[in-house]
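What follows is a set of notes on a single structure, which appears directly below.
Readers should treat all values here as calculations from the given coordinates under stated rules, not as data from a laboratory. Just so it is clear, the model here is predicted, and its values are computed rather than measured. Neighbour counts run over all protein chains shown; Cβ positions are idealised from the backbone, glycine included.
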Amino acid sequence: MNEELILALQAGQAETDPKFKALKAASSALIAAARLAGQEKLDALPMQKSLAKLQEAVGLVKAAGLQDAALDSATVAFGAATQAALDSLAFQFARDLKESFEARGQEVEGRPPVLVVDRLVLQIDIANRKAQWFYGKEALTNPLPLSLGGIIKAYDQQRKTILERKDETPAFLADLYKAWNDLMTEKTEKSGRRPQGNRINLVETYAKLVLNRQVARFWNAPSRGTFKDYERPFFVRDLVLANEAGATVAVDGKSYRLRLGVATKSQAESAARSVWVPSSALSGDFYGDITFEE
């Protein structure tokens, strides 16, 4: 047995196999893409899956040390056609959804992938065949299948829950003031001085408010079943309603006005450090802290 020859041949095979497999994968992906591109009506979702395989094959070809300008060009062209088909699918769905809402006497604004109905926002992910309702930047639903009936039903539920939420601004502001004041006292006692500008992080204040609202049943036997939830979208909606009402609270005969501090860039990048408070369906600001002033 000529071991030296065998080793040489095995080395050649080890060098060649990845290239062969990469080119074979690229060829198969190109054939599949060409078949989809040749259809009379482009089908966006199969094209998207095919594009992913083609892009994966391009990666294998490059990893094997091969360069193929024609393959790169074909991938770019197919990618552009796929995106155009996805956009077309999104617009068709949006058109159908708009017609369904208009038949109920409601106007739909925006354009895919973002539609607005009243002050609720629908984010469409056409690639994954899902859509999700938001109030500001707070998700109101999980991603929903692109079913007109299901999405409209979810809208009706969230409209009732969020937009038609009972305005209880006086009680909300009283609870918010207490949470802020409790944290102010705790931080002052801990550090020996009041926080600068009497400002407390807004998310921290929200968490304190939630704890303050727990009843004895929870504190006697803490559990998920005894916990009284106050979801973040409700908190955001209550902030909006409070601002619209003037955001003042009476405490011990004195009137205090709620002030929200605009978040810094680093705060705005974290939902744990800031809250987006909408002024309209698509506009608003991130706020990072809170204070009450006479």
Check: C-alpha center segment 167-246 vs C-alpha center segment 16-44, spacing in Å is 57 Å
Largest first and to the nearest Å, give the Cα extent of segment 164-236 along each principal axis. 38, 33, 18
Gained length - Ala52 relative to Glu244, 0.36 nm times residue gap less alpha-carbon distance: 64.3 nm
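Summing +1 for each Lys or Arg and -1 for each Asp or Glu, what net charge is found among the other residues whose Cβ lies under 13 Å from the Cβ of Gly110?
My count for the surroundings of Gly110 gives +1.
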Output the peptides 110-118, 182-190, 207-215 sorted from most to least packed, where packing is the average of other Cβ atoms within 10 Å over each peptide's residues. 110-118, 207-215, 182-190
Helix 44-63 against the longest principal axis of the chain: what's the angle in degrees, Cα atoms only, rounded to the nearest 10? 70 degrees
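Which FRET efficiency value, to the nearest 0.05, do you get for Lys62 and Ala37 by plugging their Cβ-Cβ distance into 1/(1 + (r/R0)^6) with R0 = 22 Å? Walk me through the numbers before you get to the answer.
Values: r = 23 Å, r/R0 = 1.04.
For Lys62 and Ala37, the calculated efficiency is 0.45.
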Can you list the aspartates and glutamates whose alpha carbon sits under 19 Å from that of Lys21, skipping same-chain ones fewer than 8 residues off? Glu56, Asp68, Asp72
Going from the alpha-carbon gyration tensor of segment 106-163, what semi-axes, largest first and in whole Å, does one get by taking the root of 5 times each eigenvalue? 16, 13, 11
Pick the calculated volume of the Cα convex hull per residue in Å³ for this structure from (1) 140; (2) 265; (3) 388? (2)
Neighbour-count ranking [beta-carbon atoms within 10 angstrom, fewest first] of Leu173, Leu241, Leu51: Leu241, Leu51, Leu173
Helix 169-191 versus the longest principal axis of the chain: what is the Cα-based angle in degrees, 0 to 90, to the nearest 10? 90 degrees
Cut-off under 19 Å on the C-alpha distance; same-chain residues fewer than 8 positions from Lys208 excluded. Which aspartates and glutamates are left, in chain and number order? Glu168, Asp175, Asp182, Glu186, Glu189, Asp229, Glu231, Asp238, Asp289
Just to be sure I understand the curve: with the Debye formula and one point per C-alpha of segment 169-293, what is log10 I(q)/I(0) at q = 0.15, 0.17, 0.23 Å⁻¹? -0.74, -0.94, -1.45
